[in-house]
1. Among (1) in contact (Cβ under 8 Å) with a residue 24 or more places away in the chain; (2) under 17 Å from the mean Cα position of the chain (by Cα), there is one condition V55 misses while meeting the rest; what is its number?
2. Of all residues in region 25-47 being surrounded by 14 or more Cβ atoms within 10 Å (Cβ to Cβ) and of a type in the set (D, E, K, R), which is nearest to the chain's Cα centre (by Cα)?
3. Could you list, in sequence order, the residues of region 19-32 that are under 17 Å from Q54 (Cβ atoms) and touching a residue at least 24 places away in the same chain (Cβ under 8 Å)?
4. Which one of K51, K79, K68, K61 is in contact with an Asp or Glu (Cβ under 9 Å, 6 or more places away or on another chain), of a type in the set (K, R) and farther than 18 Å from L3 by Cα?
5. Any residue in region 74-95 that's on the phi < 0 side of the Ramachandran plot and surrounded by 11 or more Cβ atoms within 10 Å (Cβ to Cβ): show its pairings with residues that are of a type in the set (G, A, S) and not in a helix (DSSP H, G or I) at Cβ separation under 9 Å, as long as the two are six or more apart or on different chains.
6. Do the conditions hold for G60, that is, is it under 30 Å from Y77 (Cβ atoms), at pLDDT 95 or above, under 19 Å from the mean Cα position of the chain (by Cα) and not in a helix (DSSP H, G or I)?
Amino acid sequence: MALDKDQILKAVENSGGYVSLISERIGCSLTSIYNWIEKDEDVAAAIKREKIKQVDHAEGKLQSLIKKENPTAIIFYLKTQGKDRGYYEHRTQDITSSGQPLTINFVPADHDADGPSDV
């Protein structure tokens, strides 16, 4: 089945940018939609706009919960948006080596286990 741009753009409307939903609406494979995204800027932009609308919607729901003083929503918001004010989880890893100095060597990802690479 040959897909045309207008058909895809229509299927993108109110899809949330979900490629699986778009492909179901048209009756084509996910690969077909991904190919269109790669080759057509308008299709890619339309899907991106839909995803932005989804994030905006979720942010609105989060703000509604915050206004209702939902503690989980407040904590989530502060941990993600209030980092510059000290609202973040700090994790530490205690590594001991029986009182001996600990040496950590970083090697390139392409390092050959049999010897050094040409890096």
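1. (1)
2. D40
3. Across region 19-32, the qualifying residues are V19, I22.
4. Checking each option against the conditions leaves just K79.
5. Going by the 9 Å Cβ cut-off, the qualifying pairs are Y88/G82.
6. Answer is no for this residue.
The values are calculated or read from the model by the stated rules, or taken from the named source; none is laboratory data. The structure presented is a predicted model; accordingly, all values stated were derived computationally and were not measured. Cβ coordinates were reconstructed from backbone atoms using ideal geometry, including for glycine residues, and neighbour counts include every protein chain displayed.
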